[in-house]
Amino acid sequence: MSPRRTAAVARRILQQFRHDPRTLVLLFVAPIVLLGLFYFLIRGGGALPAVDVVNLDPGAGQLGTVLRDALGSAPGITVSTASATQAERDLRRGDVAAVIVLPGDLTAHVRAGGALTPHIQLEGSQPAESQAVVTAVNQSLLKTTSLVAAEAGTPLPRVQPAVTYLHGGPQLDTLDYFGAAFIGLVVFFLIFVVTIIAFLRERSQGTLERLMASPLRRSEVVAGYMAGFMAVAAVQAVEVVLFTLFALHVHNQGNVGLIVLMTLLMSLVAVNLGVFLSMFSTTEFQAVQFIPLAIVPQVLLSGIIFPVSSEPGWLQGISQVLPLTYGVDGLHRVMLEGASLSSGTLLLDLGVVAAFAIALIVAATLTLRRRLA
């Protein structure tokens, strides 16, 4: 083996990298961006789960006041005092992760030898937030029981919180909570990959160039390709939804038609995103390079892995301009919360995803040129 010839081959490979900015970005910029996102998502100091406390046992020395103060200093949650009406409204709107009700007879009940029984109602759609709330409440209850026993000279009172769920519940497993997000992710990712590679292949084989030389308009070419890809995407979307719900038995509390509708809108976004980005690629390798640049950041920021509400404020701003965020949120609301078209939030999710699809259709049409390199 000749070291000189081996070095010549190595130099050739390095020169190819040097003349391919997209590959250099993928190798040296994308890892920093993705690892940076992980850092800010895990250690970025995002908002803590919010909790409303309804204290029906107020007054100096009352257990309700002691427990309310202990909750206020508990790590991992943000506590506000609210009326019963306001707390219920906050919980149903998703503004808080839980409502804790301290009964009016709490002090008398415990001093008579009864158990410490606050009522914890969890919003329930985000298991990580629910766990943080339960942990903080348990720590506060232990602290309170120690104070009560020390002041009264009695044994530690029993702790028996009553936990209920607005959505979900202890009977649901991890797949039930993340099934909606997985439906959106699988459909969005696979349709994007198939579209960007297939459309690029149409260009490289000269098929698209011949179509553009025909009397067809750019809009007609894009619409034709979109219709073809969407026919396949529609079959895939229905298959994925039905398999998830009826074969895997993932929990669903909403209308199956709404799940299919949102999935189809996400497929439409993925198709046109693939068509649009394929215009900036000349090889299949370059097309695949868009996956870590255009798809992975959306997966991290759209609420699939980390709740959007737990992200730092500036990352939440980025999340709000990503189509996958609204698609996942809509599926989540339908399957876990049973949202219908009467829900303003679900209508917003559907409308935003549809708007992204229209914007990408326009972008793909404008980018498509009659003369292709």
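Comparing N272, V54, G179 along the charge dipole axis of the chain, the residue lying farthest to the positive side is N272, per the Cβ-charge model.
Take the Cα pairs of the range 87-201, get the Kirkwood Rh, then feed it into Stokes-Einstein at 20 °C and 1.002 mPa s and tell me D in µm²/s.
The diffusion coefficient I find is 124 µm²/s.
Does a label point 7 Å from the Cα of V186, set along Cα-to-beta-carbon, have any residues of the range 232-262 with amide nitrogen under 12 Å, and which are they? Answer for this model: 236-250. With the largest listed first and rounded to whole Å, the semi-axes of the equivalent ellipsoid of the range 228-344 from the Cα gyration tensor are 26, 21, 12.
Given +1 on the Cβ of Lys and Arg, -1 on the Cβ of Asp and Glu, and no further charges, what dipole in debye does the range 173-367 carry about its Cα centre, rounded to the nearest 20?
580
Counted by neighbouring Cβ atoms within 10 Å, the residues E284, E239 run from fewest to most as E239, E284. Applying 1/(1 + (r/R0)^6) with R0 = 25 Å to the Cβ-Cβ distance of F28 and A7 gives a FRET efficiency near 0.60.
Using a Gaussian network for the chain with springs between C-alpha atoms less than 10 Å apart, which of these wobbles most: S278, S267, S309? The residue that fluctuates most here is S309.
Placing a label point 7 Å from the Cα of F246 along the Cα-to-Cβ direction, the residues of the range 253-272 whose backbone N falls under 13 Å from that point are 256-257.
Sorting Y326, Y225 from the fewest to the most surrounding beta carbons within 10 angstrom yields Y225, Y326. Here the relative contact order of the range 173-367, from alpha carbon pairs under 8 Å that lie six or more residues apart, stands at 33 percent.
Starting from the Cα-Cα distance between S146 and V232, subtract it from 0.36 nm times their residue separation and give me the gain in nm to one decimal.
24.6 nm
Of the residues S130, S214, the one with the fewest other Cβ atoms within 10 Å heads the list, and the complete ranking is S214, S130. Pick the calculated Rg/Rh (Cα atoms, Kirkwood Rh) for this structure from (1) 0.98; (2) 1.13; (3) 1.07? Computing Rg/Rh (Cα atoms, Kirkwood Rh) and matching it to (1) 0.98; (2) 1.13; (3) 1.07 gives (2). With θ taken as phi - 60° and the Karplus curve 6.51 cos²θ - 1.76 cosθ + 1.60 applied, the whole-hertz 3J(HN,Hα) list for the range 98-112 is 6, 10, 10, 9, 9, x, x, 9, 4, 5, 4, 5, 5, 5, 8 Hz, x standing for glycine and proline.
Dividing the convex hull volume of the alpha-carbon atoms in the range 173-367 by its residue count gives 119 Å³ per residue. Annotation: extensible slack from E88 through A115 equals 7.2 nm (criterion: 0.36 nm per residue apart, minus Cα-Cα distance).
Under a model in which nothing but the beta-carbon of Lys, Arg (+1) and Asp, Glu (-1) is charged, the chain shows a dipole of about 2060 debye around its Cα centre. Between A270, A223, A339, the residue with the greatest mean-square fluctuation in the GNM of the chain (Cα pairs under 10 Å linked by springs) is A223. Note on the chain: helix-only mean residue ellipticity at 222 nm, from DSSP H runs of 4+ residues weighted -39500 (n - 2.57) and normalised by residue number, equals -20000 deg cm²/dmol.
The numbers here are math on the coordinates, done by the rules we state, and not lab data. Values in this document were obtained by computation on a predicted structure and should not be read as measured data. Cβ: placed from backbone, ideal geometry, glycine included. Neighbour counts: every protein chain shown.
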